[in-house]
Amino acid sequence: MLKFTSLKAALVIVALTGSTLASAGSTGWLNRDNPGGSGDWENAAGMVTGFECQIIATGQSTVGMAGYTCSVSGSVCQNTAARRCQDTQVRFTFDDKRGHSHVTPWLNRDNPGGTGDWELFSNFFKVNCRFTVGGQPITTAGPAYTCGTPDSRSGGIGLNAKNGGKPVQDFEVEFVY
């Protein structure tokens, strides 16, 4: 949990970001795939096994609520002339092949003003990648590996075709929020 030495420090953070901050954390290192086949695909789509979206003020789930979308991509509500969105928050459950599981805290970065409330997966996470053996960062590994943007389709990818046809090394990813 973030601790501030003064109320002034907390208000500066809110003023600079436009929202309050959730506790900084990470999923820990996750590994859902092996480097066989076309490569090693350590992507969010294969690791996010659950998601929840709720109205902050009431704790009510937005699933099935008119105007709200809750999916692996996050929570979206668009303001219309007839409806003003309420502030929502999301949390995600990550699982991997080794039985590791992580549930994020409730995350909220947007306010329902303007066009609506947009609590998108891609806005909450930064991805780190490393080799499973030795823990070396992927960023120095050459063209066979990509440690990409944290949307629901990517994370880290190691392609055998870009590794001279040889299997890439097994690696793991960490989603930092």
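The values are calculated or read from the model by the stated rules, or taken from the named source; none is laboratory data. From a predicted model like this one, the values you see are computed outputs, not experimental measurements. Heads up, the Cβs are rebuilt from the backbone with ideal geometry, glycines too, and the neighbour counts pull from every protein chain shown.
So for segment 63-76 (the condition being over 19 Å from the mean Cα position of the chain (by Cα), modelled with pLDDT of 95 or more and closer than 22 Å to Tyr177 by Cα), does at least one residue qualify?
No: segment 63-76 contains no residue that is over 19 Å from the mean Cα position of the chain (by Cα), modelled with pLDDT of 95 or more and closer than 22 Å to Tyr177 by Cα.
Among the residues that make up segment 124-131, is at least one of them surrounded by fewer than 20 Cβ atoms within 10 Å (Cβ to Cβ), closer than 20 Å to Gly25 by Cα and among the basic types (Lys, Arg)?
yes
Going by what's in this entry, would Gly18 be described as surrounded by 14 or more Cβ atoms within 10 Å (Cβ to Cβ) and modelled with pLDDT under 95?
Spelling it out, it is not the case that Gly18 is surrounded by 14 or more Cβ atoms within 10 Å (Cβ to Cβ) and modelled with pLDDT under 95.
Which one is modelled with the lowest pLDDT, of the residues in segment 145-160 that are farther than 12 Å from Pro35 by Cβ and small (Gly, Ala, Ser)?
The selected residue is Ser152.
If we scan segment 121-144, do we find a residue that is at pLDDT 95 or above and within 30 Å of Gln54 (Cβ to Cβ)?
no
Please find, within segment 91-100, the residue that is farthest from Ser75 (Cα to Cα) out of those that are in contact (Cβ under 8 Å) with a residue 24 or more places away in the chain and out of contact with any helix residue (DSSP H, G or I) (no Cβ under 8 Å at 6 or more places or on another chain).
Filtering segment 91-100 for residues that are in contact (Cβ under 8 Å) with a residue 24 or more places away in the chain and out of contact with any helix residue (DSSP H, G or I) (no Cβ under 8 Å at 6 or more places or on another chain), the one farthest from Ser75 (Cα to Cα) comes out as Arg98.
For segment 114-130, which residues satisfy the criterion of being touching a Lys or Arg at 6+ places or on another chain (Cβ under 9 Å) and outside any strand (DSSP E or B)?
Hits for segment 114-130 are Asn123, Phe124.
Kindly list the number of the only condition in (1) over 30 Å from Phe171 (Cα atoms); (2) part of a loop (DSSP other than H, G, I, E, B) that fails for Gln89.
Among (1) over 30 Å from Phe171 (Cα atoms); (2) part of a loop (DSSP other than H, G, I, E, B), Gln89 violates only (2).
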